[in-house]
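Just below is one structure, and these are the notes that go with it.
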Amino acid sequence: MITEIRKIGETEFTTQEMAGKYYSAGDILEILEKERIFIEHSHGGVTFSGGEPLMQTDFLLEALAACKSKGYHTAVDTSGYSSESNFRSVMQYTDLFLYDIKHADDTRHFEYTGVSNTLILSNLRMLLGEGKNIFIRIPVIPDKNDDPESLEGMKKMFSELKCENLKQISLLPFHKTGKAKYRKLHLPYRMEGTVQPSAVRMKELKEFFDGTGIKVRIGA
Amino acid sequence: MMILSERVKKLRTQSLTAEERITAERALLVTRFYKSDEAREVSAPVRRALAFQYILKNKKICINDGELIVGERGPAPKATPTYPEISLHSLHDLEILNSRPKVSFKVDDEVRAIYRDEIIPFWKGRSNRDRIMGLMTPEWINAYNAGIFTEFQEQRAPGHTVLGYKMFRTGFTQLKEEIKESLSKLDFFNDREAFEKSEELKAMDIACDAIIMYAGRHAEELERMASSEKDGKRRAELEEMARICRKVPGEAPETVHEMLQHYWFIHLGVITELNPWDSFNPGRLDQHLYPVYKKEKEEGTLTDEKLYDLLGCFWVKFNNHPSPPKIGVTASESSTYTDFCLINLGGVKPDGTDAVNEMSYILLDVIKEMRILQPSSMVQISKKSPDRFIHKALDIIRTGFGQPSCFNTDAIIQELLRQGKSIVDARNGGASGCVETGAFGTESYWLTGYFNLVKILELTLNNGFDRRTGVQTGLKTGFASDFKSFDDLTGAFAKQVRYFADIKIRGNNVISKTFENYLPVPFLSLLLEDCILNGKDYNCGGTRYNTTYIQGVGLGSITDILTSIRYNVYDKRRITWDELNRALDSDFVGYDDLRYDLIYNTPKYGNDDDYADQQAVAVFEIFYDAINGRPASRGGVHRINMLPTTSHVYFGSVTGATADGRKAFTPLSEGISPSQGVDSHGPTSVIKSASKIDHLRTGGTLLNQKFSPQFFEDEDSYKCLTALIRSYFSLDGHHIQFNVVNAETLRDAQKHPELHRDLIVRVAGYSDYFNDLGEDLQNEIILRTEHENI
């Protein structure tokens, strides 16, 4: 449940609302049909994001299959933290994986996310090996993964992984858009002290990762 | 890439800083002519032609320092004339114009004295406005006072006409030959109108002589100036300009310079003869200029520097000419004063192939660098237009200047074909004013008034009684609580719409005749095919195509109101009519909870929700059925379009609280855009909702979407916006405009207007300086949803 505060004139209204909705695969096709004209004109498709979509692999599988049956381009935006068998089952209906890499160093990965990166990296290798198209996405978080050592670690790893179907590295600058969500959920926001990386800094990082020979973009 | 020359920079600054003021020059000349014996003994068209000639013969010739294109309507830039034969300003009106804070027109003592001593005594009770008001029925007057509709022709002559390709290739001596031929073919044995036609043709011939004479007066002045000019370079320019003014508009233009000057004399002729509504403009300027430009380029007689200088000088001319100031209710309905010269770029050629050419890109450069309100500009985007053309337009749109707007050529062509235009005439068409579809050079398409759909619904809920004016204005179709079902309500609404459409159309058919009989326009008639051929005036159905429009206003608002009633009263039974009426009567004071539900928990138009959008379609069909195809007295039929200019503010100010949660007397939604701030599902949903009505059966619709500047930051965003535009157009959307600005900037501009004098926003189909808008309109623009993501 989330809390919404809205104003009508001088009066404030506070309401409790359910965040999120239940959809069937059929519902998703209906929504896509509504947006079809835009998807076609922009050569777009559908992206399953989250949270972590592989937390609901059965549904994801059904929805992806439904989308492919209608000819939509499909993408899955994932943290990579799910079982290999889950990835193997969804990959047949997935045209593109947007694959988060937060840290190359396992210890620090564990420290910030609470899990090891071993599974994430082995899934990534498996998908690349199977010829799946991958966009690597790095959330650039000051003092967490943008120190020289972390950066070098990731660069080295990507250079090793480099192959024809590793299409792009996206550098996603940290931002605080999520702060309002924390408030609505009554959760403490712990990133107050972190500052969004400057455009100059992001450009620097782009040039750094250009060294891998893989196409690098700032932002999605 | 264009760089403004010192010359153009200087002229541009002069134009931006020139003081708007009223000149009595034209009023005085037209009055003196009307008092003369000459005026008394002749037919109406000849009288008007002689008046036109008299003005052009006696008005001051103004040539500004450094300019390359000459001619001013008044004695100086932004000195704006009045048209007492159309509507007469009282001394009080002049005082209001002089002293009001927004867009004032200075009125000096001399003008006041001339008005007091000469103009008012002669025209009092004799202007066409007086004539019109005397001819209207009590039902018309009641509806007009209630704010059901406005009347375009009460203060301006009929308009909406754009110059076509013929006049860019023809001179007036050629037209005189055509007149001679038409006269020789008159059949005095069988044609009962032969005499009227001969008078009209005589009048046209006088108008040809008048405009050639007027150009000649400029040539004389230029020659005089050249003879005393010390600077050799300027002397050569003045001599060249004199040569051109001896040639055009009598002869057909053969260079870019000649063509621009040729057009400008025509433009001045049209806006001096009378003050026709808005829109007169060169239309498809890239198409007209391209052949002469190409020829000169090949011959090596035109440098880029010279080209941009000429175009810059030409642009300034439009900005020097504010629209004539209004009086009374029309002044509050539209408080901004730009004339709507909408340059069309792109589109398709007469053979249907892509028309985007080198000149289209050059003119986009000019628009970007000049960055002035007038002329306004638009891009016609067809299926065949290259993405590069759209990207170039977005490059200008992103600067937050509200131009150019984006139009769907394929829709425009289908709209025109449906109305019976030939395929070639349709392809030569475009949009003028705000968004109005027309066949350029061949059609007179009159806008006659905005039509307040929301107010009619308000009366429908109140047995036709208008509580604001205290007058039984509509039919007695019952009170809200009498309607047992939602269908009963929409049935009653349809009857009221038909009733008021009848009143409006009857009025139109009478008003049209006043212009036909008292105020023909022989000069304007020369410019439009087939007036010469038919021997008939523009105001008398002489053009190849004649269309009369009534403009529906408040589609977003009325959809939300009907949807709310259907949802809350009939379907969900959340409230009774009694409760809702009490809340509306008290303007929601003490009903915050209900108002919250009406705003946040009720389906709204603009979110691709069929539950709401089907009311939009129903209202559209009711409005369409009441008006489309009904005969107009000058020939042709009535049609609808959906645009508000700024009337949604005026119409809101006469309409009480509404069931969508809108407070009393606040603005209605504009065009076919959703109500302010209710579209919460992004621009794609807005587009889906907006395309559920059948644009192809209108003569134009207006959809405004506001984006903050970041949407234009990289190439990907251009691709997204291009896809958005093409998607809307593939759904037959007629027009979309992107307003690029953020709310913070606008709020700051309200607080510190002095720091934001250059801030231009798209109001509703046209652009204006934010500072020049009334506070309510400013607030409304701030309220409009800023889409966070695309």
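With a cut-off of 14 Å between beta carbons, the residues surrounding residue B:540 carry a summed charge of -1, where Lys and Arg count +1 and Asp and Glu -1.
Placing +1 on the Cβ of every Lys and Arg and -1 on the Cβ of every Asp and Glu, with nothing else charged, gives chain A a dipole about its Cα centre of roughly 340 debye. Mean per-residue shielding of peptide B:723-735 is 3, counting Cβ atoms of other chains within 10 Å of each Cβ. For chain B, the direction-averaged projected area of the alpha-carbon convex hull comes to 32.6 nm². In the structure displayed, which of B:10/B:392; A:167/A:206; B:384/B:719 lie more than 19 Å apart, Cα to Cα? Over 19 Å apart, Cα to Cα: B:10/B:392.
For residue A:172, the residues 5 or more places off, or on other chains, whose built amide H falls under 5 Å of its own are A:138, A:140, A:219. In chain A, the calculated helix contribution to ellipticity at 222 nm averages -12500 deg cm²/dmol per residue, counting -39,500 (n - 2.57) for every DSSP H run with n ≥ 4. Applied to the range B:278-287, the Karplus parametrisation 6.51 cos²θ - 1.76 cosθ + 1.60 on θ = phi - 60° returns per-residue 3J(HN,Hα) values of 6, 3, 4, 7, x, x, 7, 4, 5, 5 Hz, with x for Gly and Pro. Straight Cα distances below 15 angstrom link residue B:536 to the aspartates and glutamates B:178, B:181, B:187, B:191, B:193, B:196, B:199, B:200, B:205, B:443, B:516, with same-chain residues fewer than 8 positions distant left out.
With θ taken as phi - 60° and the Karplus curve 6.51 cos²θ - 1.76 cosθ + 1.60 applied, the whole-hertz 3J(HN,Hα) list for the range B:505-518 is 5, 4, x, 4, 5, 7, 4, 4, 5, 5, 6, 4, 8, 10 Hz, x standing for glycine and proline.
Of all the stretches in chain B, which is the longest one without any exposed loop site, taking chymotrypsin sites (Phe, Trp or Tyr not before Pro) in a DSSP loop (any state but H, G, I, E, B) with at most 12 other Cβ atoms within 10 Å? Answer - B:190-790. Based on Cα contacts under 8 Å between residues 6+ apart, the range A:45-218 shows a relative contact order of 18 percent. Taking a Cβ cut-off of under 10 Å around residue B:34, the surrounding Lys, Arg, Asp and Glu residues balance to a net charge of +3, with basic ones at +1 and acidic ones at -1.
Taking Lys and Arg as +1 and Asp and Glu as -1, the other residues whose beta-carbon sits under 13 Å from that of residue A:17 total +3.
Placing pseudo-labels 7 Å out from each Cα toward the beta carbon at residue B:305 and residue B:391 gives an inter-label distance of 3.1 nm. For residue B:655, nonlocal amide neighbours, meaning residues 5 or more places apart or on other chains whose placed amide H falls under 5 Å from its own, are B:665.
Quick note on the range B:445-702: its Rg to Rh ratio, both from C-alpha atoms and Rh being the Kirkwood radius, is 1.03.
Taking a ≥ b ≥ c as the square roots of the eigenvalues of the Cα gyration tensor of the range B:226-370, is the shape rounded (a/c under 1.5), prolate (a/b larger than b/c) or oblate? Because a/c hits 1.5 or more and a/b fails to exceed b/c, the range B:226-370 counts as oblate. In terms of packing, defined here as the mean over residues of other Cβ atoms within 10 angstrom, the peptides A:165-173, B:248-256 line up highest first as B:248-256, A:165-173. Put the Cα centre of the range B:436-509 next to the Cα centre of the range A:76-137 and the gap is 62 Å.
Between residue A:176 and residue B:295, the distance separating the two model label sites (each 7 Å from Cα on the Cα→Cβ line) works out to 6.5 nm. Taking the Cα centre of the protein assembly as shown as origin and assigning +1 to Lys and Arg Cβ atoms and -1 to Asp and Glu Cβ atoms, the resulting dipole is close to 860 debye.
Here B:672, A:214, A:138 are placed in order of increasing Cβ neighbour count within 10 Å, fewest first, which gives A:214, A:138, B:672. Applying the criteria of a DSSP loop state and at most 13 other Cβ atoms within 10 Å to the trypsin sites (Lys or Arg not before Pro) of the range B:205-302 yields B:230. For peptide A:31-41, the mean count of partner chain Cβ atoms within 10 Å of a residue's Cβ comes to 5. Averaging over all projection directions, the Cα-based convex hull of the range A:45-218 occupies 10.6 nm² in the image plane.
For residue B:604, no residue whose modelled amide H falls within less than 5 Å of its own remains once neighbours fewer than 5 places apart on the same chain are excluded. Of the trypsin sites (Lys or Arg not before Pro) found in the range B:405-480, those that fall in a DSSP loop while having at most 15 other beta-carbon atoms within 10 Å are B:467, B:476.
Taking label positions 7 Å along the Cα-Cβ direction at both residue B:58 and residue A:195, the computed distance is 7.3 nm, reported to one decimal. Measuring nothing but how far apart in sequence close Cα pairs (under 8 Å, 6+ apart) lie, relative to its length, chain B scores a relative contact order of 14 percent. The loop-placed GluC sites (Glu not before Pro) in the range A:133-206, going by DSSP, that have at most 16 neighbouring Cβ atoms within 10 Å of their Cβ come out as A:164, A:192.
In chain B, helices alone account for a calculated mean residue ellipticity at 222 nm of -15000 deg cm²/dmol, with every DSSP H run of four or more residues adding -39,500 (n - 2.57). Averaged over the residues of peptide B:687-697, the number of Cβ atoms from other protein chains lying within 10 Å of each residue's Cβ is 1. Across the range A:132-144, rounded Karplus estimates of 3J(HN,Hα) from the backbone phi angles (6.51 cos²θ - 1.76 cosθ + 1.60, θ = phi - 60°) give 6, 6, 10, 10, 7, 10, 10, x, 8, 10, x, 6, 9 Hz, Gly and Pro being marked x. Dividing the Cα radius of gyration of the protein assembly as shown by its Kirkwood radius returns 1.01 for Rg/Rh. Once the Cβ-Cβ distance of residue B:251 and residue B:116 is raised to the sixth power relative to R0 = 51 Å, the FRET efficiency obtained is 0.70. For the range B:653-734, the fraction of C-alpha pairs more than 19 angstrom apart is 49%.
Going down the table (B:166/B:202; A:68/B:604; A:34/B:421; A:34/B:484), which pairs top 28 Å between alpha carbons? Flagged as over cut-off: A:68/B:604; A:34/B:421; A:34/B:484.
Values quoted throughout were computed directly from the atomic coordinates according to the rules given, and no laboratory measurement underlies them. Remember, it's a predicted structure, so these values are computed and weren't measured experimentally. With ideal geometry, Cβ positions are generated from the backbone for all residues, glycine too; neighbour counts draw on all protein chains shown.
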